[in-house]
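Take a look at the structure set out below.
The values are calculated or read from the model by the stated rules, or taken from the named source; none is laboratory data. Remember, predicted model here, so these are calculated numbers, not experimental data. As a convention, Cβ positions derive from the backbone with ideal geometry for all residues, glycine included, and neighbour counts pool all protein chains shown. Side chains are part of the model used for accessible areas, which takes the heavy atoms of the whole protein and leaves out ligands, DNA and RNA. Shrake-Rupley method; radii C 1.70, N 1.55, O 1.52, S 1.80 Å.
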Amino acid sequence: MILPQAKKLRKNSYLPINFDDPYQDKMQIFLREIKSESKKSITPIKILIVEDTEICQKIALLTLTQPDYVADIAISGKEALAKYSQGYDVILLDLGLPDMSGIDVCKHIRKKIGDTRTPIIAYSTISDTLHKECLTAGFSETLMKPAEKKVLDKVIKTLVIKK
């Protein structure tokens, strides 16, 4: 048996949905954006880390190990160019490689292959003059290593979204 006070409380606690509500359209847009964001996070970002030093490889992998990323490693410029054809969303490229410089790898991808869309991040100990040279060569961004996880994550996701 429901007490009369409880019936009254229950009846007044539910409000009917007003379909003429001016916020209804905004709510639908908001719900669509949430759904599209959740779909985006399901597909991981495929990243090629080009680094010859083992400790730097491990640091980069630890920084990028999360459900948002699938990382692959190349230890030289030639290996990076060979793996490039597998299709990566972003390339994290050290400048001091044993066989060729990271700048030469970037120029090869940009000019000889003709890919101007794939973001390439110079990930090295970078001075101001080298920063300008990297951007001139076709790098999308430059970062000093080791970068904080949230900084690296923000740069990568910003570049991939622009793509």
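Measuring between alpha carbons in the structure, the pairs from Lys58/Lys112; Lys112/Lys132; Lys112/Lys149; Lys58/Lys157; Lys112/Lys154 lying more than 24 angstrom apart are Lys58/Lys112; Lys112/Lys149; Lys112/Lys154. Put a dot 7 Å past each Cα toward the Cβ at Lys149 and Ile59; how far apart are the dots in nm? Taking the simple label geometry, Ile59 and Lys149 are separated by 1.6 nm. Charged neighbours of Leu62, selected by a Cβ distance under 13 Å, balance to -1 (K, R count +1; D, E count -1). Dimensions of segment 55-163 along the principal axes, based on C-alpha atoms and rounded to the nearest Å, stand at 33, 32, 29, largest first. When the GluC sites (Glu not before Pro) in segment 91-163 are filtered for DSSP coil states and for at most 16 other beta-carbon atoms within 10 Å of their beta-carbon, the remaining sites are Glu148.
Per-residue accessible area (protein heavy atoms, 1.4 Å probe) orders Met100, Met144 as Met144, Met100, starting from the largest.
Put simply, segment 68-122 fits an ellipsoid with semi-axes of 16, 14, 10 Å; these come from the alpha carbon gyration tensor as the roots of five times its eigenvalues, largest first.
Largest accessible area first, the residues Ser140, Ser76, Ser85 order themselves as Ser85, Ser140, Ser76 under a 1.4 Å probe with ligands, DNA and RNA left out. The HN-Hα couplings worked out from phi for segment 142-151 by the Karplus form 6.51 cos²θ - 1.76 cosθ + 1.60 (θ = phi - 60°) are 10, 9, 7, 9, x, 8, 4, 4, 5, 5 Hz, whole numbers, x standing for Gly and Pro. Surface listing: Thr43, Thr53 arranged by accessible area from highest to lowest gives Thr43, Thr53, probe 1.4 Å.
For segment 80-96, backbone phi angles converted through the Karplus equation (6.51, -1.76, 1.60; θ = phi - 60°) give residue-by-residue couplings of 4, 5, 5, 6, 3, 5, 6, x, 10, 6, 7, 10, 9, 10, 6, 8, x Hz, Gly and Pro being listed as x.
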